1. Just give me the residues in region 7-33 being surrounded by 19 or more Cβ atoms within 10 Å (Cβ to Cβ), in contact with a helix residue (DSSP H, G or I) (Cβ under 7 Å, 6 or more places away or on another chain) and closer than 19 Å to Leu110 by Cα, in sequence order.
2. Just one of (1) modelled with pLDDT of 95 or more; (2) among the aromatic types (Phe, Trp, Tyr); (3) farther than 13 Å from Ile119 by Cβ trips up Tyr42, so point out which.
3. Given the criteria touching a Cys at 6+ places or on another chain (Cβ under 7 Å) and surrounded by 20 or more Cβ atoms within 10 Å (Cβ to Cβ), does Ala50 qualify?
4. Across region 72-86, which residue is farthest from Met1 (Cα to Cα) among those that are crowded, with 19+ Cβ neighbours inside 10 Å and of a type in the set (Gly, Ala, Ser)?
5. Just wondering, is there one or more residues in region 56-70 that are in contact (Cβ under 8 Å) with a residue 24 or more places away in the chain, more than 12 Å from the chain's Cα centre (by Cα) and over 20 Å from Leu110 (Cα atoms)?
6. Could you list, ordered by first residue, the pairs with Cβ atoms under 8 Å in which the first is in region 100-111 and free of Cβ contacts under 8 Å to residues at least 40 places away in the same chain and the second is assigned to a loop (DSSP other than H, G, I, E, B), at least 6 apart or interchain?
7. Going through Ile69, Ile106 one at a time, which residue ends up being hydrophobic (A, V, I, L, M, F, W, C) and surrounded by 24 or more Cβ atoms within 10 Å (Cβ to Cβ)?
8. Being at pLDDT below 95 and closer than 26 Å to Leu14 by Cβ narrows it down to one residue among Asp114, Asp127, Asp143, Asp88; which is it?
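The values are calculated or read from the model by the stated rules, or taken from the named source; none is laboratory data. Predicted model only: the values in this text are computed from it and were never measured. Every residue, glycine among them, receives a Cβ derived from its backbone with ideal geometry; neighbour counts consider all protein chains shown.
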Amino acid sequence: MRIALAADHAGFALKDELVRWLREDGHEVSDFGTNGPDSVDYPQFGSRLAEAVAAGAADRGIAVCGSGIGISIAVNRNPACRCARVDDPLSAALAREHNDANVIAIGARLVGGDMARAIVAAFLGTDFAGGRHQRRVDMLSLDLQDSD
C-alpha cells in the first residue's frame, strides 16, 4: 500500500517510528516531514499529506501532531480527504469501516509507539463496509445547506 505520513515538531519522532515500521512491512511510504524538533506550523504539513492523498499519490495517510487535533483539521480542509483523529484500534477500524476515512490523525503526546502501530494496523487492515454507510459518506461532499 502507498502511505503518506506527515507530522509537526511534536509528532516527528512517532512519525519517524511509523515510517520505519511501515517500510519494514513492505509499504511504499512518502514522508512529508517534519524531521526534527524545531517548531513548525502543522497546517503546512497536513496540507502536503492531504494533497498527496487527493492526487492519488497515496492510498492512505497518517498525520501526527501533539494532540492529533490541529493536523486533522488541516487535512480535512481538503475535500478529497476524510481524516479521523483516533486514539485506539477500534476507532481507527470504525473510521475505515463506517466513514471510509482515508487519513487518520494521531496525537503523539497521547499515544505511544506500540498503540500507534496497533492503530495503524487496524486502519490499514479494515475495508470500507459500503452499504448504508455509502450514502452518508457521499453526503460529506455535499453542501447540505442547500438540500432538504
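1. Matches in region 7-33: Ala7, Asp8, Leu14, Leu18.
2. Condition (1) is where Tyr42 drops out.
3. yes
4. Ala74
5. Yes, region 56-70 has at least one match.
6. Between residues of region 100-111 that are free of Cβ contacts under 8 Å to residues at least 40 places away in the same chain and residues that are assigned to a loop (DSSP other than H, G, I, E, B), the close pairs are Asp100/Arg82; Asp100/Phe128; Ala101/Arg82.
7. After ruling out the rest, the residue left standing is Ile106.
8. Asp127
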